[in-house]
Amino acid sequence: MMRALVADLERRRAAHLYRARRTLDTPQGPEPVVDGRPMLAFCSNDYLGLAADPRVVEALRRGAREYGAGSGAAHLVSGHMAPHQALEQELAAFVGRPRALLFSTDYMANLGVMTALLGRGDTVWEDRLNHASLIDGGLLSRARFHRYPHADLAALARRLGRPTGGRRLIATDGVFSMDGDLAPLTGLVRVAADAGAWLMVDDAHGLGVLGAGGRGTLEQLGLGIDQVPILMGTLGKALGTFGAFVAGTEGLIETLIQQARSYIYTTAPPPALATASRESLRIVQAEPWRRARLLERIAEFRQGAAALGLPLMASATPIQPLLAGSAARALAWSRHLEGQGILVTAIRSPTVPEDRARLRVTLSAAHSAAQVEHLLEALATLPRGGDDDAA
Ligand SMILES: Cc1ncc(COP(=O)(O)O)c(C=O)c1O
């Protein structure tokens with residue numbers, strides 16, 4: 001058996017699909033020390049530069065002093081603590097919904113929501129580029145599972161036109177995690193209403209970043225709970241901490257508390273994490289300059305990359321992928337940048353389709369204009385020939 005695993009791993013390596021971890025010796029930020037080497041990094045989801053913010057770190061310390069290191073039990077046993085409760089209330093107020101429910105991760109939240117709301121006899125439709133956690137939640141729910149072509153409202157409406165019986169749910173990323181584009185939410189709202197389907201939006205990459213108040217893709221597009229009844233967010237990206245939440249009506253949240261297995265059958269997150277996230281949420285609201293600075297960095301990058309003729313994708317968010325095509329070329333590009341002290345990860349199959357491997361450049365309010373300029377200078381020297389040249 002073990003020999004078969006090693007053979008599989010070797011095949012993966014030969015196909016340029018082998019993944020290896022790097023170790024950061026410093027906190028997250030634009031200039032981490034990676035495996036002992038100082039680098040300039042453009043690959044975290046710490047969009048607002050809060051992961052190592054001293055105030056958030058101090059809140060984590062304070063939370064641990066007041067509530068200890070671990071929660072000691074699941075939320076429904078005795079692990080639900082005052083910081084969890086306060087954070088849920090503050091998150092609900094932030095996104096303008098009656099209730100919010102904390103999960104350990106957004107991955108677990110998506111599994112929990114979809115398995116609690118759907119079962120045999122129900123049907124779920126998902127964008128082909130949805131994050132793995134939405135796909136896995138849909139599959140695990142045992143509902144009939146359909147994927148529609150990326151952002152293709154007409155195709156989705158056609159499929160929804162067929163009668164199904166049971167509950168119907170459309171699930172989509174708000175900001176697509178590997179492409180950076182926004183879901184066509186206004187159209188999805190209309191399609192969902194016409195078809196009598198619920199709409200679930202996972203705004204992992206929009207929360208904190210989009211909208212004047214950082215409330216995410218829904219704020220940017222002027223949509224509320226009546227249009228999108230199920231809203232997911234993670235605390236591990238723009239908020240810089242860890243954890244996730246679902247926000248919606250009293251009925252939705254109480255249903256999840258009763259039925260979401262990834263909420264019920266797991267230890268509640270450390271209370272200090274909730275204290276840290278509360279501080280982070282306060283900063284997201286009190287310091288809109290972070291979003292303004294991030295927009296400046298995005299504009300600088302796009303302008304520079306376009307001038308260099310780089311294969312930019314259509315994204316207005318901090319996710320700015322450069323399409324390489326083959327895994328070999330994406331890896332060669334990533335290694336080329338690494339040679340110049342710049343870290344940008346190559347994203348390959350199965351995370352993205354086989355022929356759409358890419359460098360996933362992500363920008364942060366913590367980056368300076370000079371750092372973006374430095375990245376552009378390095379990108380100007382990328383080998384741009386065919387795959388053979390690149391590999
Ligand atoms: C759309 C989307 N949902 C969920 C997740 C997972 O979030 P978490 O890291 O909180 O599990 C991610 C990214 O990792 C994501 O991009």
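Numbers at a glance
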{"item": "Subset of region 13-44 that is in contact (Cβ under 8 Å) with a residue 24 or more places away in the chain and not in a loop (DSSP other than H, G, I, E, B) - its residue that is surrounded by the most Cβ atoms within 10 Å (Cβ to Cβ)", "result": "A41"}
{"item": "Flag for S104 being under 30 Å from A272 (Cα atoms), within 16 Å of the ligand (Cβ to nearest atom) and outside the structural domain of V352 (by TED's automatic domain parsing)", "result": "yes"}
{"item": "Region 238-271, residues that are touching a Leu at 6+ places or on another chain (Cβ under 7 Å), within 16 Å of the ligand (Cβ to nearest atom) and among the β-branched types (V, I, T)", "result": "T241, V246"}
{"item": "Some residue of region 220-230 being touching a helix residue (DSSP H, G or I) at 6+ places or on another chain (Cβ under 7 Å), in the same structural domain as V95 (by TED's automatic domain parsing), more than 23 Å from P27 (Cβ to Cβ) and within 16 Å of the ligand (Cβ to nearest atom)", "result": "yes"}
{"item": "Extreme residue, least open to solvent (accessible area, probe 1.4 Å), among residues of region 345-381 that are outside any loop (DSSP other than H, G, I, E, B) and among the polar types (S, T, N, Q)", "result": "T362"}
{"item": "Test: residue in region 97-118 that is out of contact with any Ser or Thr (no Cβ under 7 Å at 6 or more places or on another chain), without any contact (Cβ under 8 Å) to a residue 40 or more places away in the chain and not acidic (D, E)", "result": "no"}
{"item": "Given (1) part of a helix (DSSP H, G or I); (2) within 15 Å of L101 (Cα to Cα); (3) open to solvent by 10 Å² or more (accessible area, probe 1.4 Å), index of the condition I253 fails", "result": "(3)"}
{"item": "Unique match (being modelled with pLDDT of 95 or more and either within 16 Å of the ligand (Cβ to nearest atom) or not assigned by TED's automatic domain parsing to the domain that holds Q227 (or both)) among A143, A155, A69, A151", "result": "A151"}
{"item": "Residues within region 45-85 that are farther than 12 Å from A272 by Cα, of a type in the set (A, V, I, L, M, F, W, C) and part of a helix (DSSP H, G or I), tallied", "result": "2"}
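The values are calculated or read from the model by the stated rules, or taken from the named source; none is laboratory data. Keep in mind that what you see is a predicted model, and the values were worked out from it rather than measured. Counting neighbours? That spans all protein chains shown, and the Cβs are built from the backbone with ideal geometry, glycine included. Keep in mind that these areas ignore ligands, DNA and RNA; they rest on the heavy atoms of the full protein, side chains included. Shrake-Rupley method; radii C 1.70, N 1.55, O 1.52, S 1.80 Å.
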